[in-house]
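Presented below is the structure to which this report refers.
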Amino acid sequence: MQSIVKIACAAATALIMCANAYAGSLENGRRLVDALDMETQLEQTITQAITQAKQQLYASGGASMAQINQVADALEAEMRASAPALLDELAQIYANQFTDKELDDLVEFYESPTGQKYAASQSALGAAQASATEQWMQGVSERAMSRLFGS
């Protein structure tokens, strides 16, 4: 029985060592989070979330503006207080996904003018891609139905 436990421990240790050999450092994950300007993105997300929360509370009725503002202020305070932990978690996600070399390459790219332009255009690109995909799906559906049922 002891030999099975020793083998299992050795295997687990080897797996952890292999995983760590391919994972990047948290420091480099943080560098990528900074290069992607995720703190600014999170600030924008918080502002949008607070605005939406106020609108939803107002629309639901039953709450005074003072109560709505009190809830929004508490929500915003909690979001801002926990934002650094979220940024650390995102850095860890990147560190787990990429090696240090890959993280260095990504940081170099996102700090370049092209990388900065790419990062700044992500929202617009995502919206354009979603629209193009939706139009494509509609066209495919119409053509398929036309072939199937004739027109």
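Values in this text are rule-based calculations from the coordinates and carry no lab data. These figures come from a predicted structure and were not determined experimentally. Glycine gets a Cβ as well: all are built from the backbone with ideal geometry, and neighbour counts include every protein chain shown.
A few notes on this one:
- From most to least packed by mean Cβ count within 10 Å, the peptides 64-76, 122-134 give 64-76, 122-134.
- Theoretical FRET efficiency, 1/(1+(r/R0)^6), r = Cβ-Cβ of residue 97 and residue 43, R0 25 Å, to 0.05: 0.55
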